[in-house]
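Structure, as structure tokens:
The values are calculated or read from the model by the stated rules, or taken from the named source; none is laboratory data. Everything quoted here is computed from the prediction, not taken from an experiment. Note: ideal-geometry Cβ built from the backbone for every residue, glycine included; neighbour counts use all protein chains shown. Heavy atoms of the whole protein, side chains included, go into the accessibility calculation; ligands, DNA and RNA do not. Shrake-Rupley method; radii C 1.70, N 1.55, O 1.52, S 1.80 Å.
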Amino acid sequence: MSSALPSYAEAAAIVAAQAAELARQPASERVELAQAAGRVLAASLHADRDQPPFPRSTRDGFACRAAEANTHQPLNVAGSIHAGQPPAGPLPYGAAWEIMTGAPVPGGADAVAMIEHVDRGSDSPSTVRLRPPRTLEPGENIVPQGAEARAGEEVLPGGTRIGPQHVALAAACGHSGVEVFRRPRVAILTTGDELVSVAATPGPGQIRNSNGVMLALLVSQAGGDPWILATAGDNDQSLDESLRKAVSADMLLVTGGVSAGKFDLVEPALARIGARFLFTGVRIQPGKPLVFGDVSRKHHSSAGVSAGKVLPFFGLPGNPISSAATFLLFGSRVLGALAGWRAAGPRFALARLVKDVKGKPDLTRFVPSFCNFGPDAAEPPEVKTVPSEGSGDLTSFSRSNCFLVVPEGTDRLEAGATVRILLV
Ligand code: AMP
Ligand code: MG
């Protein structure tokens, strides 16, 4: 009975509560800044000096006193400074100082007139004049010393997932290496007698294991260290053996074998290693058979980095699109908590729907869709579903970049409506 299953929102709340309980700060290690992309900062970073370290000109032009420039009288060019030179000055009264972008503004100057906004005299020594009717405000085209950050100030909090913007700031503040959390090790156990490895030639009735690599990438993107185990067959012995290995990880993802089929043996196998189930199904499509829970470590040792008291696990449905959607919706949240990443979890955005989409009375749908975020994107960006043969259709999935969210109980989402999308 599907009504006994939690709704998407209820399941998300269960996972969020669990994630909060599992949240931890793993052991840390030091890495070169250039290797730090995608890692999570273990401690906050501080500015080693004021940023900018001197009043910085943001333009090529002439440093001057705004009040003098605004008289539109010629100002004597007292000197010239470019980026990399030590601060110059003081600026004599009635004078301007030629300056390049990024150079320290000479003492006494309170504005920079852009080169495009001045007329240069032909006389010698040379003069410049702010071209009427232009005027300058004090402070114009200057970033004051320390305006971006003060020496000693925290510029990045611990728990930040390091992106290009953070690398640049860390570099500017002199952090050539940073302390980052070690990545939680995530065991990925694919199950199914039909599966062969990607390199193998499938026999009759066999298919290649596409979930393994896909989940490994999703895990990496969510801040984890994927550990792909050998595929388990659809029998108790094979599952038991694989799970015995997998329990040493920080988190476990099993795919396949969780629906109601005759060979869906994963739940009982998890139960045999002492699993506690927090839910065994969610009112979502795809992904309805999703299983979530944990295994106490009392009887199992951990080789992982976070050494938690429990091993959280997800039993993801085998269909690749179901696996991807459920990992993004729920798995990423738990993994982020284990990774010490503050802002982990699914990312949603708003878009405008191009064509009507039907909803379901008792399921939240996540429909593979394409949203145009490109340079020609509309505002808000437009999203349309991709035609699909269902949650095993990887060709169609590869044309998508998001899932359209159709909330439970929605009769239909109409063209033109503002809708939520889950970013892939
Ligand atoms: P299951 O959840 O085990 O009933 O599997 C549902 C569907 O997903 C079946 O068509 C499986 O063949 C397929 N499937 C299961 N695991 C994988 C995998 N690792 N890679 C690709 N397809 C899979
Ligand atoms: Mg199966």
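Annotations for the structure displayed:
- Compared with the dominant principal axis of the Cα atoms in the chain, helix 236-246 is inclined by about 30°.
- Solvent-accessible area assigned to carbon and sulfur over the stretch 54-94 amounts to 56 percent, based on a 1.4 Å probe.
- Positive end of the dipole of the stretch 24-67 (Cβ unit charges, origin at the Cα centre): among 58, 36, 46, the Cα lying farthest that way belongs to 58.
- Farthest positive-ward along the chain dipole, Cα basis, beta-carbon charges - from 424, 202, 178: 202
- Heavy atoms of residue 208: accessible area, 1.4 Å probe, square angstrom to 10: 120
- Apolar share of the accessible surface for the stretch 106-148: 50 percent from carbon plus sulfur atoms, 1.4 Å probe.
- Highest mean first, the peptides 223-235, 158-170 sorted by other C-beta atoms within 10 Å per residue fall in the order 223-235, 158-170.
- Surface composition of the stretch 249-334: carbon and sulfur atoms hold 52% of the protein heavy-atom accessible area at a 1.4 Å probe.
- Environment charge of residue 195, counting only residues whose C-beta is closer than 11 Å and scoring Lys/Arg +1, Asp/Glu -1: -2
- Gain in span if fully extended, residue 411 to residue 119, counting 0.36 nm per residue against the direct Cα distance: 98.4 nm
- Residue 282 long-range amide H proximity, modeled H, under 5 Å: 290
- Sorting 132-141, 182-191 by their mean Cβ neighbour count within 10 Å, with the most densely packed peptide first, gives 182-191, 132-141.
- Cα-Cα separations in the stretch 82-159 greater than 15 Å, expressed as whole percent: 66
- Euclidean distance of C-alpha centroids, the stretch 64-112 and the stretch 310-327, integer Å: 63
- Seen from residue 207, the other residues with C-beta closer than 12 Å to its C-beta sum to a net charge of -1, counting Lys and Arg as +1 and Asp and Glu as -1.
- Cross-link partners of residue 355 among aspartates and glutamates, defined as those whose alpha carbon lies under 15 angstrom from its own and excluding same-chain residues fewer than eight positions apart: 382, 411, 414.
- Spin-label model, residue 82/residue 420: points 7 Å from Cα along the beta carbon direction are separated by 5.5 nm.
- Sorted peptide list for 414-422, 263-271, criterion being average Cβ within 10 angstrom, highest first: 263-271, 414-422
- Per residue, the chain exposes 47 Å² of solvent-accessible protein surface, assessed with a 1.4 angstrom probe and all protein chains in place.
- Charge tally in the Cβ shell below 14 Å around residue 81, where Lys, Arg are +1 and Asp, Glu are -1, residue 81 excluded: 0
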